[in-house]
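Shown next, in structure tokens, is the structure this report addresses.
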Amino acid sequence: MRIIPLYLERESETFDLYDKIIGNKNNIAFQNGDLLIISSKYLSISEGRVKKLSTVKPGKESIALAKLYHIDPKLMELIVRESDEIFGGLYGFVLTAVHGILSPNAGIDKSNIPSGKVVLYPKEPYDSIDTLRKKFFVDFGIRICIILSDSRILPMRIGTVGIALASSGFEPIVDLKGTKDLFGNVLKYTSQNLADSLASLGVFIMGESNKSTPVILIRDIELKLIDKKTTNSDMGIESKFDIYMRGLSLHGQRKTNSFNCT
């Protein structure tokens, strides 16, 4: 497996992502089976998903939540607009779900963008990268794979890892149910998330802070290529079925019930 960071210009306004990748400064020619890991922020900027906070008018709900969680009301308004679900929060942060992924503050990012502006998640991430993948096939006759990556903090862990906001062109999940482990035990529940694992590799190479490289090429990797479009349902589960969300919800109910009984 070869990992090749693509050298592209830093951007802060709408641009053509496909042209940027094709015209990379490495002069890389793409091959069948190549995997591109693209920063979700870079895609968002290319699609004009940059918002100037001074233009946002917060509503009553956002103002109330902003006071509760000590967040700028204008930022809170964007969080409310962009979130599929809002679970709660604490000082400076709201825990939300966007595109089926648990994310603080609806994934809205204030880093590496001019002051006073924020970057929102892509509106339709699966559609965007699927369209991008098809352009490679139309123009070059090659089948490539794409992962849209974002950095994320995990519960009770320090530092960021990567997560796949979307994937296209390959099977993102390997179902291991029914296979046996090293001791012959049959696996009943295990699946391997290739998309998230590779996204974490991409985020590691891309770096954080001022060392960001927005697109990574991985070559000579064995993935099961597919033509069908991947969706949220292929990559995640609803919050009501998630072991962590359910566990924390039940824990909160037990604490409430215990309190009410005393």
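The values are calculated or read from the model by the stated rules, or taken from the named source; none is laboratory data. Source: prediction; values computed, not measured. Cβ: placed from backbone, ideal geometry, glycine included. Neighbour counts: every protein chain shown.
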Which of (1) surrounded by fewer than 18 Cβ atoms within 10 Å (Cβ to Cβ); (2) modelled with pLDDT of 95 or more; (3) out of contact with any helix residue (DSSP H, G or I) (no Cβ under 8 Å at 6 or more places or on another chain) is the odd one out, the single condition Lys25 does not satisfy?
(2)
Answer yes if at least one residue in the stretch 243-261 is modelled with pLDDT of 90 or more, under 28 Å from Asp84 (Cα atoms) and under 21 Å from the mean Cα position of the chain (by Cα), and no otherwise.
no
Every residue from the stretch 178-210 that is among the small types (Gly, Ala, Ser) and either over 18 Å from Ser40 (Cβ atoms) or at pLDDT below 75 (or both):
Gly178, Gly184, Ser191, Ser209
Taking Asp34 as the residue in question, decide whether it is of a type in the set (D, E, K, R), touching a strand residue (DSSP E or B) at 6+ places or on another chain (Cβ under 7 Å) and in contact (Cβ under 8 Å) with a residue 24 or more places away in the chain.
yes
Got a sec? Which of Ile38, Ile4 is assigned to a strand (DSSP E or B), in contact with a Lys or Arg (Cβ under 7 Å, 6 or more places away or on another chain), farther than 13 Å from Asn105 by Cβ and among the aliphatic types (A, V, I, L, M)?
Ile4
Looking for whichever is of a type outside the set (D, E, K, R) and outside the structural domain of Ala164 (by TED's automatic domain parsing) here; the options are Ile37, Ile63. Which one fits?
Ile63
Given (1) within 20 Å of the chain's Cα centre (by Cα); (2) surrounded by 14 or more Cβ atoms within 10 Å (Cβ to Cβ); (3) under 20 Å from Ser151 (Cα atoms), Leu8 misses just (1)
